[in-house]
Amino acid sequence: MILLTGATGYIGSHTWLALDAAAMPVVGIDDFSNSSPEVLRRLAALGADVSRFAQVDVTDRAALAEVFERWPIEAVVHFAAKKAVGESVARPLLYYANNVGGTIALAETMRAHGCRRIVFSSTATVYGQPRSLPVREDAALEPSSPYASTKLMSENILRDVERSDPAWRIALLRYFNPVGAHPSGTIGEDPRGTPNNLMPFVAQVAVGKRARLQVFGSDYETADGSGVRDYLHVQDLAEGHVAALKHLLGGGDSLTLNLGTGQGVSVLELVRAFERASGRPVPYEIAPRRPGDVAAYYADPALAERLLGWKARLGLDAMCADSWRWQAANPDGYAGS
Ligand code: UD1
C-alpha cells in the first residue's frame, strides 16, 4: 500500500484518484489543518477506495507509528506541509517545525518499519531567482523564503538518509505551478481566505466572489510585461507521482525531477484563456510588483520524460476549463456542501 500524507489536500486528493486508477491501494493521512473531510466523500463518489484513512498530524510520531503498524506500507508520497510563502516569512518557526519536523518524523517512522521508498513533494522555488531559462534540475539552489528553505532542507535530509543507508530510494519532485482540477469538477483547490496564487484568484473573480484581479507588475522584461510561469495541470502532476512511484517500486534509482510543461505563460495570457474557458469577464487592474516575485520561470522538463516517460499532456485551455468547472460548481469550495 502507498501512504499519502496530506492526502486530502489539493495535490494529495488528485494523486489519490490517480493511484486508485493505477490499482495502487492508498492509505491516506491528513490533519485537516488546510483541507476538509468532505474531500473523502467526494473521492468516494468518484469511485476511489477511501476505506484506509486516519486523521494524523505528520509530526506526531506515535500516530505515524500506529499507521505503519496498522497497514503494510510499501512506499510513501509526502505532501503534508504548510505552503504559504508570505506566512512562512511571518512565522518561520511554524514552517520549520511542521515541514522539516514532519519530514524527519516520517523518515524515522519509515526506517523503524523497514519502509525505504519515498516520493517527496518539493517545489521549483528551491531554485530562487533563476539564472537562466528554462530551469534544469542542476540549476543553482537559492531558496528565498523560509517555505522554500524547508523544502530544500527536507530534500537534503532525505538524500542524507539514503547516503547513510543505500537501500533507500527517493524521488524529489519539484513542481512548477500546479493549477486546474479533476475534470468532474468535484475536487479542486480550496484555498482558505484570500487566495495567494493566481489561478484560484482569477477563478473567484470570474465567479463573482471578487471584483477584480490585481496584476502584480506590468513592467517585467517579458513579452507583455506581466510575470511568466509554468502552469501545470494537477491531473498531469498526479500522474507524475504515479510514474515516480512505479519507477521506485520497480527498482529504479533515486531521482530529482522538475515537473512542469516547459511552457511559459504570462498573467495576462492566463486571464484571457480563463475568460475564453469560462465565458465570463475577468476584470483586472495593474498593481505594483509583488515583493519577492521573479519575472519569469519555467521548467526544462526533459529529464522527467527521459527517466520516467512522464510528460504533461494538458494545456492552458484544459487547466482553465477544469478550474472553472470546479469553481462554478463549488463557489465556496468544500465548505459550501
Ligand atoms: C507561488 C509561490 C511559490 C509556490 C507557488 C505554488 C510566492 C512568491 N511564490 O509561486 O513558492 O510554490 O506559488 O503554486 O508566493 N499574480 C498576480 N496577481 C495575483 C496573484 C498572482 O498578478 O493576485 C501573478 C504573480 O505575480 C506571478 C503569477 O501571477 O507572476 C503567479 O503567481 P502565483 O500563482 O502566486 O505563483 P508563484 O508566484 O509562481
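Every number here is computed from the coordinates shown, using simple stated rules; none is lab data. The structure presented is a predicted model; accordingly, all values stated were derived computationally and were not measured. Here the Cβ positions follow ideal geometry from the backbone for every residue, glycine too, while neighbour counts run over all protein chains shown.
Whole number please: convex hull volume per residue, Cα atoms of the range 168-300, in Å³.
Here the figure is 138 Å³ per residue.
Send over the per residue convex hull volume for the chain, Cα only, as a whole number of Å³. Walk me through the numbers before you get to the answer.
Working: hull volume 40.7 nm³, N = 337.
Convex hull of Cα atoms, per residue: 121 Å³.
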inquiry  = Counting only Cα atoms, I'd like the Rg/Rh figure for the range 1-106, Kirkwood definition for Rh.
reply    = 0.98
task = Within 10 Å of each residue's Cβ, count the other Cβ atoms and sort Trp71, Trp310 from fewest upward.
result = Trp71, Trp310
query = How do Asp236, Asp300, Asp230 line up, fewest other C-beta atoms within 10 Å first?
reply = Asp300, Asp236, Asp230
Per-pair calculated FRET efficiency, R0 = 35 Å: Ala23 and Asn196 via Cβ, rounded to 0.05 = 0.45
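Against the empirical 2.2 N^0.38 Å scaling, what ratio does the C-alpha Rg of the range 127-175 come to? Write out the running numbers ahead of the final one.
Numbers: Rg = 12.3 Å, N = 49, 2.2 N^0.38 = 9.7 Å.
Here the Cα radius of gyration is 1.28 times the empirical estimate.
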key: Label-to-label distance, nm, for residues given as Asp60 and Arg276 (7 Å Cα→Cβ offset)   = 4.7 nm
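What is the magnitude of the charge dipole of the chain about its Cα centre, with +1 placed on the Cβ of each Lys and Arg, -1 on the Cβ of each Asp and Glu, and no other charges, expressed in debye to the nearest 20? Walk me through the numbers before you get to the answer.
Numbers: 33 positive and 37 negative charges, 45 e Å.
Around 220 debye, computed over the chain.
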query = Whole number please: convex hull volume per residue of the Cα set in the range 79-181, in Å³?
reply = 115 Å³
key: Centre separation in Å (Cα based) which lies between the range 129-157 and the range 244-272   = 15 Å
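Please work out the FRET efficiency for the pair Lys209 and Lys311, using the Cβ-Cβ distance as r and a Förster radius of 30 Å; give the result to the nearest 0.05. Before the final figure, lay out the partial values.
Numbers: r = 34 Å, r/R0 = 1.14.
For Lys209 and Lys311, the calculated efficiency is 0.30.
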